[in-house]
Amino acid sequence: MIPYLAMVRVGGRRRGIRLWLPLFLLWPLVPPFAVVLAVAAAVMTRNVAAALRTAWQLASGCRGMHIEVDSPEIALRIRFI
Amino acid sequence: MNDNRLHVLQMLAAGEVSPEEADRLIAALDKQPAAPAARPGEVTGGNPRYLRVFVEEQETDGGPPTKVNIRVPFQLLRAGVRLASLIPNGAKDQINEALRKNGVPIDVTQLKPEDLDELVVHLADLTIDVEEKDTKVRIFAE
């Protein structure tokens, strides 16, 4: 399943910006993107099914990914749920 | 130190829980019965789902350290390896050349999903710890 929410926090715990990005609102864009990808895959690799399957796996693989950077200059947290 | 206790301490360090909450969580973990010892050859952690990378670097001016904590699903790594198999051969040669120039002599034509699966199985029992003067790196599967 592809992620439906991305939590982004920039800055410190008290003064930072916290965003919940509803990725599920982008799901309707997946079919047009898949068509474009299929055309590109047909031109480049001639293996449309494998390209679409890999693209889906890449998108769904992002679920559960956490990236946290905490430094004196910047604090950044991104979580895909 | 087991992973659950380490996770609680990391939450405490990140300010996600108070010291009292961390104390209660660790006390609750202590009450849990210990897991049975693994038999030789048995994968203790089961099939890991994530690759965790911790990097901590001390500032030279004595300031707070820079910390990086990344959790990557193995499913994403598998998809990346499959993506490599879709790259046209001409592009693979260029990628190999660029990697070699940058000190990463990896042949992307040799990347196969089966190899990654085998690597994941072995990563279940492996933890990589690198400690230098100002930098600590820890890589493990969970």
| request: Scan the stretch A:50-72 residue by residue and report those that are touching a Leu at 6+ places or on another chain (Cβ under 7 Å), more than 10 Å from B:Leu83 (Cβ to Cβ), of a type in the set (A, V, I, L, M) and facing chain B (nearest Cβ under 7 Å). | output: A:Met65, A:Val69
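State yes or no: is A:Leu58 in contact (Cβ under 8 Å) with a residue 12 or more places away in the chain, surrounded by 12 or more Cβ atoms within 10 Å (Cβ to Cβ), closer than 30 Å to B:Pro113 by Cβ and among the aliphatic types (A, V, I, L, M)? Lay out the reasoning, then the answer.
Details: in contact (Cβ under 8 Å) with a residue 12 or more places away in the chain: no; surrounded by 12 or more Cβ atoms within 10 Å (Cβ to Cβ): yes; closer than 30 Å to B:Pro113 by Cβ: yes; among the aliphatic types (A, V, I, L, M): yes.
Answer is no for this residue.
Can you work out which of the residues in the stretch A:7-43 that are within 14 Å of another protein chain (Cβ to nearest Cβ) and aliphatic (A, V, I, L, M) is nearest to B:Gly15 (Cα to Cα)? First the steps, then the outcome.
Of the residues in the stretch A:7-43, the ones within 14 Å of another protein chain (Cβ to nearest Cβ) are A:7, A:9, A:11-16, A:18, A:37-38, A:40-43.
Remaining after also requiring aliphatic (A, V, I, L, M): A:7, A:37-38, A:40-43.
Working: A:Met7: 17, A:Leu37: 42, A:Ala38: 45, A:Ala40: 46, A:Ala41: 46, A:Ala42: 50, A:Val43: 50 Å.
Among residues in the stretch A:7-43 that are within 14 Å of another protein chain (Cβ to nearest Cβ) and aliphatic (A, V, I, L, M), the one nearest to B:Gly15 (Cα to Cα) is A:Met7.
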| message | Between a residue in the stretch A:24-51 that is over 27 Å from B:Asn89 (Cα atoms) and any residue that is surrounded by 12 or more Cβ atoms within 10 Å (Cβ to Cβ), which pairs come within a Cβ distance under 6 Å, given they are 6 or more apart or on different chains? | response | A:Phe24/A:Tyr4
| message | Quick check on the stretch B:3-39: of everything there that is over 26 Å from B:Pro64 (Cα atoms) and assigned to a loop (DSSP other than H, G, I, E, B), which residue is modelled with the highest pLDDT? | response | B:Gln32
| Those strands (runs of 3 or more DSSP E) lying entirely in the stretch B:41-142 with at least 2 residues within 16 Å of the chain's Cα centre (by Cα) and surrounded by 15 or more Cβ atoms within 10 Å (Cβ to Cβ) | B:50-57, B:66-73, B:135-141
| query | Has the stretch A:8-20 got at least one residue that is at pLDDT 85 or above, surrounded by fewer than 14 Cβ atoms within 10 Å (Cβ to Cβ), farther than 21 Å from B:Arg78 by Cβ and within 17 Å of the chain's Cα centre (by Cα)? | reply | yes
| request: Give the residues of the stretch B:61-75 that are facing another protein chain (nearest Cβ under 7 Å) and of a type outside the set (S, T, N, Q), sorted by residue number. | output: B:Gly63, B:Pro64, B:Lys67, B:Val68, B:Ile70, B:Arg71, B:Val72, B:Pro73
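The values are calculated or read from the model by the stated rules, or taken from the named source; none is laboratory data. Remember, it's a predicted structure, so these values are computed and weren't measured experimentally. Every residue, glycine among them, receives a Cβ derived from its backbone with ideal geometry; neighbour counts consider all protein chains shown.
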